[in-house]
Structures are given as structure tokens and as C-alpha cells.
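Notes for the one structure printed next.
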Amino acid sequence: MVSCFIEKDSKTPIYKQLYEFYRNEMHSGNLKEGTKLPSVRALSVSLGISKNTVNEAYQQLVAEGYIESRLKKGYWVVPNLEFLPVSNNRMLQHAEKVHTVPVEMQFDFQYGDVDLEHFPMKIWKKCLQDSLEIAGKEVLLYGNKQGSVFLRQQIATYLYRSRGIKCNYEDIVISAGTNQLIRKIVSLFSDQKVTVAMENPGYDGVKQTFISAGCDVRHIPVSVEFGYDVQALKASGCKTAYITPSHQFPLGTIMPAATRLQVLKWAEQTESYIIEDDYDSEFRYEGAPIASLKGLDRHDRVIYAGTFSKSFLPSIRISYMVLPKALSDKLSHQSLDSQNASPILQHALALFMERDHFDRHLRKMKKIYKEKYEALNFALQKHMGNKIEIIGGKAGLHLLINVYDRSHAQLIENAWNHSIGVYSTASYYTQQTASHCPIILGFGGLSVEEIKEGIDSLATLWFGDC
């Protein structure tokens with residue numbers, strides 16, 4: 001049972017009210033780790049709102065690391081959350097009963113899901129067991145506040161080999177999620193008002209983290225046609241820019257080399273910093289890997305952020321950043337919070353990498369995800385053809401589609417009513433640009449056959465037999 005109240009006449013969007021309600025419930029301890037949230041269908045019926053609205057709220061909570069989606073089991077509060085102070089919210093002072101009923105998607109194109117069928121579980125178990133034997137009591141304590149030295153050394157080696165990044169392990173910081181790292185970065189700029197340039201569209205969860213940390217967020221347009229607007233960045237007055245150059249989220253575009261150099265030049269000339277989120281860089285299905293901004297940086301202006309949530313497992317909750325030397329030195333003089341990523345998992349992951357299992361796993365998963373990407377792209381062209389526009393580069397674990405002359409909200413609602421999970425990208429856009437946002441289709445957690453059958457069913461549902 002959960003009590004919730006939605007003000008439908010409020011200027012605050014309903015999905016954001018719902019998101020804030022559940023976030024505050026978790027902050028206050030009313031929703032504890034391992035708690036199952038109401039199904040999308042049940043909550044939409046109880047509150048009299050669309051399933052798409054509920055899904056947008058849930059997706060924002062997923063993006064921020066508050067909840068996780070479990071295949072065919074719904075949404076659950078994740079463990080080991082690091083909470084911000086609870087904000088007052090009128091929704092907490094009202095009551096309306098919400099009942100949880102089981103719901104099962106026949107085909108769920110959930111963004112963020114990964115392939116678990118091919119995960120090397122036996123090898124991972126061996127690394128976990130060996131960690132307990134090798135490290136002993138060390139992994140039962142909080143550990144180094146910047147994270148396991150062993151893991152940071154392995155990450156430094158991996159980044160040099162795979163992304164061309166030369167760094168010392170002392171400049172690497174590990175945390176349980178990118179949002180926690182963002183808060184650490186902001187703390188390094190505490191002597192000034194932080195103004196951050198965010199991509200539009202872009203990660204809503206990261207934007208909310210910046211705002212919660214007291215930053216002023218300004219939006220830089222990004223489009224498939226024109227790419228990243230460097231002129232808007234220059235005119236923004238920002239001293240920090242958050243960018244996803246290797247696989248822009250959610251558009252899936254790749255920042256051209258010329259634009260990368262322009263952004264680096266901006267950082268050098270204005271003495272600003274770039275936070276490079278190297279999202280999905282591991283899974284590129286055509287051509288050589290794209291050079292990272294950090295690898296191109298000659299003036300130490302790039303903060304590099306990475307995560308193991310897609311390349312390994314979402315549940316491991318280990319992210320990391322590589323700081324420029326000046327910021328790394330500044331961090332060393334700060335009083336850091338206790339390490340919030342599991343010491344046991346950190347040590348086991350380091351063993352997994354040292355023994356070359358991680359590289360082998362990536363090579364295998366790249367082949368598997370490429371097959372899924374090609375299956376989704378082919379199925380969309382075969383069954384929907386000229387009725388849609390497909391958006392996204394040959395990389396990552398999702399594609400976007402625009403359906404011509406149709407309401408995306410109604411199409412998503414229709415799909416959910418028939419147990420096919422497809423999702424809106426509205427929360428990733430500012431309100432001024434969110435009128436006709438693409439539909440996002442994740443394919444990581446589905447088999448090739450499920451992808452084919454799901455798109456066939458979706459096309460029949462949306463367009464009939466024509």
C-alpha cells in the first residue's frame with residue numbers, strides 16, 4: 001500500500017509530481033530498499049492518469065538510480081541509496097490508496113535493460129569467492145574513500161588500452177552511481193556558483209542532480225541534423241559542460257571530430273571544465289571506436305565519467321570518474337564521505353578485469369548486441385517502413401523512432417494497453433521542445449526473436465495489416 005496524491009490542476013507536470021512523491025518517500029524511509037512499486041497499469045488506474053505518465057516518472061527514477069526494472073517483475077527500490085535531504089512536498093500530506101497488482105509485459109523494449117542470458121555467472125561467482133579469500137577482512141570494511149586501489153589500477157589500465165586515456169589511479173574516484181559522482185564534482189567548485197551547460201535533449205536524472213546541488217543549468221541544443229551547438233555553449237556563460245560525445249543520449253548521435261576540438265578549445269580558452277560521460281562507448285557496431293574527449297585533451301580540462309552498468313551489470317552499481325590533476329589535488333584536501341560502492345564487489349570486479357574476463361565479456365556482448373541492433377533496425381524497416389523515421393547511430397542499446405502524423409502519447413498508451421512496453425523521451429527534453437519527442441526502444445534485455453515478434457505485433461497494433 002502506498003499513499004499518493006496528484007494535483008491535476010498544478011503547473012507542475014503530473015509525471016514530475018509522481019516522481020517527486022516516490023523520491024521523497026524513499027528519502028524519508030517510507031519506501032525501503034527491496035520494496036516493489038505499484039505496476040504502471042495499477043497506478044495509472046488508481047490515479048486516473050495515463051500509463052505513459054506513470055512510466056515517465058518511473059523512468060526518471062530509474063535514470064537517477066532510485067529504482068530498477070526487473071524483467072517481467074516490475075520496479076523495485078534499489079539497495080544502498082545515498083539520499084539528499086527530504087524536501088517538503090504537499091503530496092506527502094494527502095492520501096489516496098494505490099493497490100499493487102501483477103502485470104507482465106509480453107514484449108518490453110525497456111531502455112537500460114541488459115542481456116543476462118550470456119552473463120558469465122560461474123566466472124563472476126569465482127571472482128566473488130576469491131575476493132573474500134584473498135582480501136579477507138579488507139572487503140568487510142568501508143575501504144578507501146576514493147574506492148579500491150586495486151580496482152582503480154585496473155580501470156586506469158583499461159582506459160589507456162580501450163579509450164586512449166593516460167591517467168594515474170590516484171586521479172580516479174569510484175562511487176555507487178554517476179549522480180553521486182556529479183555531487184562530488186560540484187563540491188569541488190563550492191567556492192563559486194556553478195553554471196552547467198546540459199545537452200537538450202539529455203539525461204534528466206543528471207540535470208536534476210545538478211539542480212539539487214544548487215547549480216544553474218542552461219540548455220545547449222543538440223539535434224540529429226545540426227549536432228551539438230558550440231556557439232550556444234560559447235554564449236551560455238557556463239564554466240562547466242556535461243556532454244555525451246561518443247553516443248549522445250538519447251539521440252544516439254556521435255560528436256564529429258571537428259566539434260570535439262571546438263569544445264576542447266572552448267574549455268581551454270575559458271578555463272572551463274567538460275564532464276565527459278562516455279555513455280555506451282563500449283558498444284559501437286561499425287568502424288573503429290570513437291576517440292574520447294579525455295584522450296584528446298592536452299590541457300587537462302576534461303573530467304571523464306564511466307560506469308559498469310551497461311558493460312557489466314546494472315546491479316553492481318559501480319561508476320567512476322577521472323579527475324584533472326588540479327581537481328584531484330583539491331579533492332585530496334577535502335573531507336570525503338565513506339565509500340558507498342560495495343568493497344566486495346569492487347575487489348571482485350578488479351579480479352574479473354585483471355584476469356581478462358572483462359575484455360572477453362565485452363567482445364562477446366558486442367557481437368550479441370550487434371545482432372540485436374540489426375534485428376531491431378531490420379524489423380522496423382520491414383514492418384513500419386516509410387511510416388517512421390529511425391534515429392540513432394550504429395551503437396548503444398536503443399533506437400529512437402518518430403512516427404509520422406500520429407500522436408506518440410496515444411501510440412505509447414495503445415502499446416501499453418496491449419502489453420508492449422515502448423517509452424517516451426519527453427522527460428529528456430525541456431518543456432519548450434518536448435511537443436513531439438521520439439519514442440525510445442531499448443533492445444538489450446530482449447532476445448532476437450522477441451525483438452522480431454515484438455515489432456511485428458507493434459506494427460500490426462499501430463498500423464493494422466497494411
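What to note about this one:
- Ordering of 269-279, 402-412 by packing [mean C-beta count within 10 Å, highest first]: 269-279, 402-412
- Structural size metrics of the range 14-77, computed from C-alpha coordinates, are Rg and Dmax of 10.8, 28 Å.
- For q = 0.21 Å⁻¹, Debye-computed log10 I/I(0) when each Cα of the range 101-209 counts as one equal scatterer: -1.30
- Percent antiparallel among DSSP beta bridges (both partners in the chain, rounded to 5): 60
- The candidate values are [x] 26.8, 107; [y] 21.7, 66; [z] 22.7, 84; the one derived from this structure for Rg and Dmax of the Cα atoms in Å carries the label [y].
- Helix axis angle, 121-135 relative to the chain longest principal axis, alpha carbon, degrees: 30
- Helix 149-163 axis, angle to the chain major axis (alpha carbon atoms, nearest 10°): 70
- For the range 403-419, Karplus couplings with θ = phi - 60° (6.51, -1.76, 1.60), whole Hz, Gly/Pro x: 9, 5, 6, 9, 7, 5, 4, 5, 5, 5, 4, 4, 4, 5, 5, 10, 6
- Among the lysines of the range 298-444, pairs at least eight places apart or on separate chains and with Cα atoms under 29 Å apart come to 22.
- Here the Karplus curve 6.51 cos²θ - 1.76 cosθ + 1.60, taken at θ = phi - 60°, turns the phi angles of the range 21-31 into couplings of 4, 5, 4, 5, 4, 6, 4, 7, x, 5, 10 Hz, with x standing for Gly and Pro.
- Highest-first packing order for the peptide set 452-464, 224-236 is 452-464, 224-236, based on the mean count of other beta carbon atoms within 10 Å.
- Using just its DSSP H runs of length 4 or more, each adding -39500 (n - 2.57), the chain gives a mean residue ellipticity at 222 nm of -12500 deg cm²/dmol after division by all residues.
- Fewest-first ranking of 206, 62, 149, using other Cβ atoms within 10 Å as the exposure measure: 149, 62, 206
- Percent antiparallel among DSSP beta bridges (both partners in the range 260-323, rounded to 5): 50
- Amide proton proximity set for residue 220, modelled H, under 5 Å, gap of 5+: 198, 199, 200
- Between helix 343-354 and the chain: long-axis angle, C-alpha atoms, 0 to 90°, nearest 10: 80
- Unit charges on C-beta of K, R, D, E only; dipole of the chain, Debye: 540
- Taking the average, over residues, of other Cβ atoms within 10 Å as the packing measure, peptides 312-325, 358-371 rank 312-325, 358-371 from highest down.
The numbers here are math on the coordinates, done by the rules we state, and not lab data. Given the structure is predicted, the values throughout are model-derived calculations rather than measurements. Positions of Cβ are backbone-derived with ideal geometry, glycine not excepted, and every protein chain shown enters the neighbour counts.
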